[in-house]
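Data first, discussion second: the structure below is written as structure tokens.
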Amino acid sequence: MSGVRTRALEVLAAGPMTTVQDTGRFGHAGLGVGRSGAADAASHALANRLLANPRDAATLETTLGGLRVRARGPVTVAVTGAEAPLRVDGRGAAANTVLHLPDGAELAMGVPERGLRSYLGVRGGVDVPPVLGSRSTDVLAGLGPDLPVPGALLPVGPAPAAPPNTDHAPTAPVGGPEAVLRVVLGPRDDWFTERAVDTLLSGRYEVTPRSDRVGARLSGPVLERARTGELPSEGMVAGSVQVPPGGEPVLFLADHPVTGGYPVVAVVCSEDLPGAAQARPGTRVRFTL
Amino acid sequence: MRFLRCADTGVLVEVADLAEVIALRAALEANPVPGVADVVPAARTLLLRVEPGTDPDAVAEAVTGLPLEPGADQGPGETVTIPVSYDGEDLDDVAELTGLTRRGVVEAHTGAVWTVAFCGFAPGFGYMVGDDPRLHVPRRGEARTRVPAGSVALAGEFTGVYPRSSPGGWQLLGRTDARIWDLDREPPGLLRPGVRVRFTEAEAS
């Protein structure tokens, strides 16, 4: 089977922001390298599951749709996450479904009505060279594959042995006007007044346009500190609700800094992180215990 | 030792000082704790990122039982020299904060022996601790939106070199052309935990 590795996705349009993502980079935290990876790990995993790919196969993560690709060689794809209207050569196609694209077919993603990030998975995975063990682009660290731009040819890896065993996955709708996120207080809730903690749990926050893969910057009631002084920089996890001196929280997502110097009042539970990653600017955010 | 929860994704271990951070990091490397996917050492803490479904209390218990040997981790033990042009925007502010002259700041910075304690903030950004407490200064009140790559800076008890241009709130002393982070090099980071660093004044070009 020589010379068959010519399958690729040709990028025709990348929309507002498209990156290659997998499950992230592990074991390099000691060099200051963060995990990165798909912001909505659940939708990324679903795309790979539909295609019978290994879970760490790379997909394309788009932001507010707009991605158009052409199949170079026959490819099998699935689109998950924020439900963007899909067209294959002009005909409507369904999300969360295995789609067979013949050589030359064009898949076009519109703008999702709700949610923020959609995932285009391809059987065999997006096979760009990994950097430090991962194909994820970390936009904060400037690590990983280049951003796909029109004209880019993204190689597709060899298809796994197992065929897809389902052609459609029913899923709950992604995104919406309000995101309710479960948190555990801490690690630094003792840096805040009791009232600030109450405010976090009762206040209404909104995702601002100054949000990206690093974090969702929120507007809303400020959280007052109970103590002054500087916190020595410490490790951060995705889901950390960090409070800079201005008092309006930042909710860290996949490309968050490895360490940070402002206190984290609470951390979003891992199960609710995909929901946080799907909160587009203007989404109301409520935190609950 | 204090254990702080980061929801179900991490356990933040708070210890007394940097020496204990270094000892615990070495202990975790020698005796990996089940369920711990990644360790992020920092100034007074180690963040243990745990795999989904790991019981944080079990992790805490395992960590409490680890034998800590002070000075166990001597790191790679190599010394690197970093030439710096001391023309940073914050040199006057640092002089004022330290009570030294501009010249005095440069002499203190080049006179100290620095050791990379841990990395963070950005790939290859080493937090270096020195042996001259006169250079301890707070971060700037307002962070800059863009600090150029190669900037040599101070904050708290640390000095650091920005591997690439990024936002930053440290006090800028100068800049270097040294390649701090290079993916074509193995390992890519010049400033790894344990590496000793001397700064020298670059020849004026």
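Values as computed for the structure displayed
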quantity	calculated
Computed label-point distance, nm, for sites B:Leu68 and A:Glu271 using a 7 Å Cα→Cβ extension	3.5 nm
Candidates A:Ala169, A:Ala57, A:Ala45, ranked by Gaussian network fluctuation over chain A, Cα under 10 Å, top entry	A:Ala169
Chain B, accessible surface, carbon-and-sulfur percent (1.4 angstrom probe)	48 percent
B:Ala30-B:Ala58 pseudo-label distance in nm [points 7 Å out on the Cα-to-Cβ vector]	2.5 nm
Calculated FRET efficiency for the pair A:Glu206/A:His100, C-beta based, R₀ 51 Å, to 0.05	0.80
Theoretical ellipticity at 222 nm over chain A - DSSP helices of four or more residues, -39500 (n - 2.57) apiece, nearest 500	-2000 deg cm²/dmol
Cα→Cβ-extended label distance, 7 Å offset, between A:Glu230 and B:His136, nm	1.1 nm
Rg to Rh quotient for the protein assembly as shown, alpha carbon positions, Kirkwood Rh	0.99
FRET E, pair A:Asp167, A:Arg195, Förster distance 56 Å, beta-carbon r, rounded to 0.05	0.60
Sulfur and carbon atoms: percent of accessible area, the range A:8-155 [1.4 Å]	54 percent
Whole-Hz couplings from phi, Karplus 6.51/-1.76/1.60, listed for the range B:128-139; x for Gly and Pro	9, 9, x, 10, 10, x, 5, 8, 6, 9, x, 4
Charged-residue dipole, Cβ positions (Lys, Arg, Asp, Glu), chain A about Cα centre, Debye nearest 20	400 debye
Amide proton proximity set for A:Val156, modelled H, under 5 Å, gap of 5+	A:Arg7, A:Ala8, A:Leu9, A:Asp127
Those residues of the range B:26-48 for which accessible area with every protein chain present is at least 10 Å² below the isolated value (1.4 Å probe)	B:Ala37, B:Asp38, B:Val39, B:Val40, B:Pro41, B:Ala42, B:Ala43, B:Arg44, B:Thr45, B:Leu47
Summed buried accessible surface, chains A and B, 1.4 Å probe, nearest 100 Å²	3000 Å²
Alpha-carbon centroids, the range A:47-101 and the range A:164-229: separation in whole Å	29 Å
Stokes-Einstein diffusion coefficient of the range A:178-288, Kirkwood radius over Cα pairs, 37 °C, 0.692 mPa s, in µm²/s	243 µm²/s
nm² value of the averaged projected area, convex hull over the Cα atoms of the range B:30-180	10.7 nm²
Separation between Cα centres of the range B:132-180 and the range B:87-110, rounded to whole Å	13 Å
Long-range amide H partners of B:Phe199 with built H, under 5 Å	B:Ile82
Calculated from backbone phi, Karplus (6.51, -1.76, 1.60) coupling profile of the range A:48-61 in Hz, x at Gly/Pro	5, 5, 4, 8, 6, 7, x, 5, 9, 5, 7, 10, 9, 9
Amide H contacts under 5 Å for A:Ser211, placed H, 5+ residues apart	A:Arg217
Sulfur and carbon atoms: percent of accessible area, the range A:228-281 [1.4 Å]	56 percent
Tail beyond 27 Å, pair distance distribution of the range A:8-155 (Cα, percent)	13 percent
Phi to ³J(HN,Hα) by Karplus 6.51 cos²θ - 1.76 cosθ + 1.60 over the range A:23-36, Hz, x for Gly, Pro	7, x, 10, 10, x, 10, 4, x, 9, x, 9, x, 7, 6
Options B:Gly111, A:Ala141, A:Val265, ranked by Cα towards positive dipole end of the protein assembly as shown, top entry (Cβ charges)	A:Ala141
Chain B, helix-only ellipticity at 222 nm - DSSP H runs n ≥ 4, -39,500 (n - 2.57), divided by all residues, nearest 500	-5500 deg cm²/dmol
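The values are calculated or read from the model by the stated rules, or taken from the named source; none is laboratory data. Computed from a predicted structure; not experimentally measured. We place every Cβ from the backbone using ideal geometry, glycine too, and count neighbours over all the protein chains shown. For accessibility, only protein heavy atoms count, side chains too; no ligands or nucleic acids. Shrake-Rupley method; radii C 1.70, N 1.55, O 1.52, S 1.80 Å.
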